[in-house]
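Working notes, beginning with the structure itself.
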Amino acid sequence: MSFTDELQPVADDLWADIVDHPMVSRLGDGSLDTEPFEYWVRQDYVYLIDYARVFAYGAATAPTLKHMGTFAELLHETIDTEMDLHRAYAAEFGIDEPELEATEPSPTTRAYTDFLVRTAATGTFGELVAALLPCMWGFNETAKRLRADGLPDDDRYAEWIRTYAGEEFSELTVWCKDLLDEVAADATGTDRKRYRDLFVTSARYEYRFWDAAWHRERWAAGP
């Protein structure tokens with residue numbers, strides 16, 4: 001049994017919680033109000049900036065040239081492709097790129113990205129991959145489950161589902177799962193436990209990220 005096969009039961013529980021969240025379920029059926037989705041677009045955009053930094057760390061610490069090249073490609077794709085989707089969403093809300101980039105990270109966004117970048121900067125390559133996987137796997141699985149119930153009439157929400165349930169993103173998810181299986185195969189029991197803990201923490205942040213958008217989370221005090 002591969003390492004990600006071992007993670008599958010806990011992952012399925014976490015993805016089910018995400019799909020059941022009203023933010024996600026209403027995105028899926030098209031009934032989601034504009035305001036929380038606009039909030040999500042803004043926050044996910046600034047999240048992706050630090051997510052790209054994690055890919056940069058992955059390229060720097062990758063044990064092979066092949067993995068180095070893949071992480072470099074993912075850095076490029078995140079900045080120039082995935083973030084383009086968010087720029088297009090933002091334009092529909094009348095938000096230009098400078099305003100989008102000036103978005104203040106919410107408490108959850110800040111905590112999640114700090115966790116990812118800290119893990120990438122101070123941890124091993126395997127720890128980086130374990131922390132990275134839930135964003136890919138969670139989005140892919142969430143979108144596939146929503147697609148199974150049919151696409152919503154709202155083009156924005158349908159496009160989100162098509163993008164993250166699509167072949168290209170599904171292949172990326174499989175790649176990251178295979179990479180974690182590869183590094184875990186030669187890892188010690190202590191290392192594997194560390195990978196599992198990091199995976200679960202990231203997946204919990206994935207849920208919190210949706211929840212923060214639903215509640216349009218703000219800092220409690222300050223400017």
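The values are calculated or read from the model by the stated rules, or taken from the named source; none is laboratory data. As the structure is a prediction and not an experimental result, all values here were calculated from the model. All Cβ positions, glycine included, derive from the backbone under ideal geometry; neighbour counts span all protein chains shown. Ligands, DNA and RNA are excluded from the accessible area calculation, which covers all protein heavy atoms including side chains. Shrake-Rupley method; radii C 1.70, N 1.55, O 1.52, S 1.80 Å.
Okay, residues lined up against (1) open to solvent by less than 60 Å² (accessible area, probe 1.4 Å); (2) under 16 Å from ALA213 (Cβ atoms):
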position: GLU38; (1), (2): yes, yes
position: TYR45; (1), (2): yes, yes
position: LEU48; (1), (2): yes, yes
position: VAL54; (1), (2): yes, no
position: ALA59; (1), (2): yes, no
position: LEU74; (1), (2): yes, no
position: ILE79; (1), (2): no, no
**OP:** Could you grab the pairs with beta carbons closer than 8 Å, sequence gap of 6+ or different chains, first residue in region 149-160 and closer than 14 Å to PHE93 by Cβ, second one open to solvent by 80 Å² or more (accessible area, probe 1.4 Å) and in a helix (DSSP H, G or I)?
**Re:** ARG156/GLU92
**OP:** For GLY150, work out the one condition from (1) of a type in the set (Gly, Ala, Ser); (2) part of a loop (DSSP other than H, G, I, E, B); (3) more than 20 Å from ILE18 (Cα to Cα) it doesn't fulfil.
**Re:** (3)
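Condition check: open to solvent by 30 Å² or more (accessible area, probe 1.4 Å) and farther than 21 Å from THR173 by Cα. Does PRO98 satisfy that?
Numbers: open to solvent by 30 Å² or more (accessible area, probe 1.4 Å): yes; farther than 21 Å from THR173 by Cα: yes.
Considered against the rule, which asks whether it is open to solvent by 30 Å² or more (accessible area, probe 1.4 Å) and farther than 21 Å from THR173 by Cα, PRO98 comes out as yes.
Yes/no matrix, rows are residues, columns are (1) over 21 Å from TYR207 (Cβ atoms); (2) open to solvent by less than 40 Å² (accessible area, probe 1.4 Å); (3) of a type outside the set (Ser, Thr, Tyr); (4) touching a residue at least 60 places away in the same chain (Cβ under 8 Å):
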| residue | (1), (2), (3), (4) |
| --- | --- |
| THR108 | no, yes, no, yes |
| LEU116 | no, yes, yes, yes |
| LYS144 | no, no, yes, no |
| GLY166 | yes, yes, yes, no |
| TRP175 | yes, no, yes, yes |
Original post:
Among all residue pairs at least 6 apart or on different chains, which show Cβ distances below 6 Å where the first residue, located in region 26-55, is closer than 15 Å to TYR89 by Cα and in contact (Cβ under 8 Å) with a residue 60 or more places away in the chain and the second is open to solvent by 10 Å² or more (accessible area, probe 1.4 Å) and among the hydroxyl-bearing types (Ser, Thr, Tyr)?
Top reply: ARG42/THR103; VAL46/THR103
**OP:** Quick one: in region 199-223, of everything that is outside any helix (DSSP H, G or I) and small (Gly, Ala, Ser), which residue is most open to solvent (accessible area, probe 1.4 Å)?
**Re:** ALA220
Subject >> Failed criterion for SER31 (all others in (1) assigned to a helix (DSSP H, G or I); (2) closer than 25 Å to ALA158 by Cβ; (3) more than 14 Å from the chain's Cα centre (by Cα) hold) >> reply: (1)
Subject >> Any hit, region 81-93, residues being over 24 Å from TRP219 (Cβ atoms), touching a helix residue (DSSP H, G or I) at 6+ places or on another chain (Cβ under 8 Å) and open to solvent by 70 Å² or more (accessible area, probe 1.4 Å) >> reply: yes
Original post:
Just wondering, is there one or more residues in region 7-14 that are over 24 Å from TRP175 (Cβ atoms) and not hydrophobic (A, V, I, L, M, F, W, C)?
Top reply: no
